[in-house]
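K.L.:
Please find one structure pasted underneath; my questions will follow.
The values are calculated or read from the model by the stated rules, or taken from the named source; none is laboratory data. Note that the structure is predicted; figures quoted are calculated from it, not measured. Cβ placement follows ideal geometry from the backbone for every residue including glycine, while neighbour counts extend to all protein chains displayed. The protein model used for the area step is the full one, side chains on, heavy atoms only, and it has no ligands, DNA or RNA in it. Shrake-Rupley method; radii C 1.70, N 1.55, O 1.52, S 1.80 Å.
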Amino acid sequence: MVKKNITLYLLFLFLAVTVNAQNRQVLYNFADLPQSLLLNPAIETNYKFHIGVPLLSGFSADFGSTGFTVSDLFANNNVSFNDKVNNVLNSLTERDFLKINTQIEILSGGYRYNNKLYFSFGFYQETDGIIYFPNDGITFITEGNASFLNRNFTASQLLYKLDVLGVLHFGVTKKINEKLSLGGRFKIYSSALNLETANNRGTLTTIEGTNNIFTHTLSDVDVELKTSGLVNETNDEFITDVGSYLKNTFFGANLGLGIDFGFTYNVSKQLELTGSIVDFGFVRHKKNIKNSFVKGDYIFEGIQFNYDTDNQINYWRQLDEDFRENVPSGSNLNPYTSFRPTKINSSLRYSFGEKRSKYCYDNTYKDFYKNAVGVQLFSIFRPLSPQVALTGFYETSLSKKFHAKVTYTVDDYSLYNIGAGISCQIGKINFYGMVDNLAQFNDIASTNSMSIQLGFNTIFN
């Protein structure tokens, strides 16, 4: 039987890894890279077809946190570890969070049907999660409630979501005219693991008691922790086989649907406007469900100990039985729907400088400018509130085959996030690499965020 506390398990799971966001501002609309189509299916391409190197075409990992860094806990500064932990916990608020996003492309490819249509397809595995720090819960666990009379410790701060899933997708980019291109992508999600809770309510309040020193009151408690893929519903045991999770990312029992949509509009030959909505979709969970819940009210005035060596009483068991009798709690196997974290991208780009010619798929040459500057706005919908990032960027083509991009991003983590990326093509082989937060690259332990993206493609013009 599963008797472990699921909440503590989740906290351990999230704290065991370093985590962050999903903004890929360096990759967005950069150097005709095929992976840009995953951020906006309407990005213009100038090749006949592409094939991603299996398992190597696209890898990204973003990590970080708000509220503290690794060095806050492990810096060599003659402060005891316990004091460091206390300082970090005291500085956190309920709006601080940890986030994770990793993505690995298993297969990817695309081909041009004609001069107006480009199709792309592939399969990737993704991990995406967020956990907000429950400030009241941390205070209650570390300091107790005796020093906080009349304070309401609220359950609404318990908020997290983690998804591990596979995504099979097919997209189309259509050139409407010389100014406008539209794109869409259809996705089938296969969830291997989902852990989430939201919209909880209820308070714990301690006041001076009448029959004892304190009276503890649970009011209007309604908490539900949902899990899918974590517990085997046939034997009620945790699933520990990694192979089972990998298998379920490809057409497992918990499936969902999603769409992407985007546009590219050339205001003029030098000014370009783009926008996209990514991962507008859901997953229906119905296999290996384990939902734990607590709902109701409870008043506890402490335990009156009666010392009788001839009749020893298990007071804690009595308390547990009384709580369960008055506050409905337990677990169920009810299916539920989980929504994907929808992303919105938009950008305005101005090209300038030396004019160059690019050989295109239709045996013609297309003029382009050596340099470009612009701004990009990114937003992702999260359980507590949307998270927004604003990026300024500069691109340059050092040659027809070598391109570079530098970004400056303001987001929840930093006011000076500098990123850089390169794209290089040798023959038919394309390599790209990107990294974020260069200003703190020499001291990663002191940064709130860091990301890396890289991959190999074969591109045929």
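K.L.:
Quote the relative contact order of the stretch 40-196 in percent (integer), defining contacts as alpha-carbon pairs under 8 Å separated by 6+ residues.
P.N.:
The normalised contact order for the stretch 40-196 reaches 25 percent.
K.L.:
How much net charge surrounds Lys343 when only the other residues with a Cβ under 10 Å from the Cβ of Lys343 are counted, with Lys and Arg +1 and Asp and Glu -1? Write down the numbers at each step before the final one.
P.N.:
Numbers: positive: Arg24, Arg340; negative: Asp260, Asp279.
The answer is 0.
K.L.:
Excluding residues on the same chain fewer than 8 positions from Lys370, give the aspartates and glutamates whose Cα lies under 13 Å from its Cα.
P.N.:
The qualifying aspartates and glutamates are Glu354, Glu395.
K.L.:
Still on this structure, I have one more. Carbon and sulfur atoms: what percent of the 1.4 Å accessible area of the stretch 46-195 do they account for?
P.N.:
Taking all protein chains in place, the stretch 46-195 shows 62 percent carbon and sulfur surface.
K.L.:
In whole Å, what are the Cα extents of the stretch 184-307 along the three principal axes, biggest one first?
P.N.:
Extents along the principal axes, in whole Å: 85, 43, 20.
K.L.:
For Asn461, which sequence-distant residues (separation of 5 or more, or a different chain) have an amide H within less than 5 Å of its own amide H, given hydrogens modelled in the peptide plane?
P.N.:
Lys48
K.L.:
Can you show me the helix-derived [θ] at 222 nm for the chain, built from DSSP H runs with n ≥ 4 at -39,500 (n - 2.57) apiece and divided by the number of residues, rounded to the nearest 500.
P.N.:
The per-residue figure over the chain is -3500 deg cm²/dmol.
K.L.:
Further, regarding this structure: Could you please report the charge total around Gly374, scoring K, R as +1 and D, E as -1 over all other residues with beta-carbon less than 14 angstrom from its beta-carbon?
P.N.:
Details: positive: Arg349, Lys405; negative: Glu272, Glu395.
For residues surrounding Gly374, the net value is 0.
K.L.:
I want to check the label-to-label distance for Ile259 and Val373. Put each point 7 Å from Cα in the C-beta direction and report it in nm to one decimal.
P.N.:
3.8
K.L.:
Considering only protein heavy atoms, what per residue accessible area in square angstrom results for the chain with a 1.4 angstrom probe?
P.N.:
That works out to 49 Å² for each residue.
K.L.:
I need the calculated FRET efficiency for the pair Phe250 and Ile418, taking r as the beta carbon distance and R₀ as 35 Å, to the nearest 0.05.
P.N.:
Efficiency, rounded to the nearest 0.05: 0.40.
K.L.:
Using 0.36 nm per residue of separation minus the Cα-Cα distance, give me the extension gain between Ala404 and Ile452 in nm, one decimal. Can you show the working numbers first?
P.N.:
Numbers: separation 48, 0.36 × 48 = 17.28 nm, distance 1.53 nm.
Here the answer is 15.8 nm.
K.L.:
Just subtract the alpha-carbon distance of Val70 and Asn115 from 0.36 nm times their residue separation and send over the number in nm, one decimal. Mind showing how you got there, number by number?
P.N.:
Numbers: separation 45, 0.36 × 45 = 16.20 nm, distance 5.10 nm.
Extending this stretch completely gives an extra 11.1 nm.
K.L.:
What relative contact order, as a whole-number percentage, does the stretch 168-251 give when Cα pairs under 8 Å and 6 or more residues apart are counted? Provide the component values of the computation, followed by the final result.
P.N.:
Details: 109 pairs, mean separation 23.0, N = 84.
Relative CO of the stretch 168-251 lands at 27 percent.
K.L.:
If you take every residue apart from Asp260 with its C-beta less than 10 Å away from the C-beta of Asp260, what net charge results, scoring Lys and Arg +1 and Asp and Glu -1?
P.N.:
Around Asp260, the charge tally is +2.
K.L.:
When Rg is the radius of gyration of the Cα atoms in the chain and Rh is its Kirkwood radius, what does Rg/Rh come to? Spell out each step's value before the answer.
P.N.:
Numbers: Rg = 26.3 Å, Rh = 24.8 Å.
Rounded to two decimals, Rg over Rh is 1.06.
K.L.:
To continue, here is another question. Order Arg24, Arg112 by their accessible area, 1.4 angstrom probe, all chains in place, largest first.
P.N.:
Highest to lowest solvent-accessible surface, that is Arg112, Arg24.
K.L.:
With a Förster radius of 22 Å, plug the Cβ-Cβ distance of Leu384 and Glu143 into 1/(1 + (r/R0)^6) and report the FRET value to the nearest 0.05.
P.N.:
Working: r = 24 Å, r/R0 = 1.09.
That pair, Leu384 with Glu143, gives E of 0.35.
K.L.:
Between their Cα atoms, which of Lys226/Lys286; Lys116/Lys269; Lys174/Lys401; Lys99/Lys161; Lys179/Lys428 are more than 21 Å away from each other? Please list the in-between numbers first.
P.N.:
Values: Lys226/Lys286 11 Å; Lys116/Lys269 19 Å; Lys174/Lys401 25 Å; Lys99/Lys161 9 Å; Lys179/Lys428 29 Å.
Result: Lys174/Lys401; Lys179/Lys428 exceed 21 Å.
K.L.:
Run the quick spin-label model on Phe431 and Asn78: label points 7 Å from Cα toward the beta carbon, then report their separation in nm to one decimal.
P.N.:
With each label point 7 Å from Cα toward Cβ, the separation is 4.7 nm.
K.L.:
Go through the stretch 247-258 residue by residue and turn each phi into a ³J(HN,Hα) via Karplus (6.51, -1.76, 1.60, θ = phi - 60°); whole Hz please, and just put x for glycine and proline.
P.N.:
Along the stretch 247-258, the couplings run 4, 6, 6, 10, 6, x, 7, 9, 10, x, 10, x Hz.
K.L.:
Would you list, by chain and number, the aspartates and glutamates whose Cα falls below 18 Å from the Cα of Lys48, excluding same-chain residues fewer than 8 positions away?
P.N.:
Asp32, Asp362, Asp367
K.L.:
Still on this model: Enumerate the calculated ³J(HN,Hα) couplings along the stretch 55-66 in order (Karplus 6.51 cos²θ - 1.76 cosθ + 1.60, θ = phi - 60°), each rounded to whole Hz, writing x wherever the residue is Gly or Pro.
P.N.:
Couplings: 6, 10, 6, x, 9, 9, 9, 10, 8, x, 6, 10 Hz.
K.L.:
Can you tell which of Phe323, Ser244, Gly433 lies farthest toward the positive end of the dipole of the chain, using +1 and -1 charges on the Cβ of basic and acidic side chains (Lys, Arg; Asp, Glu)?
P.N.:
The listed residue farthest towards the positive side: Gly433.
K.L.:
Hey, rough spin-label estimate for Thr93 and Asp236, points 7 angstrom out along Cα→Cβ, what's it come to in nanometres?
P.N.:
4.3
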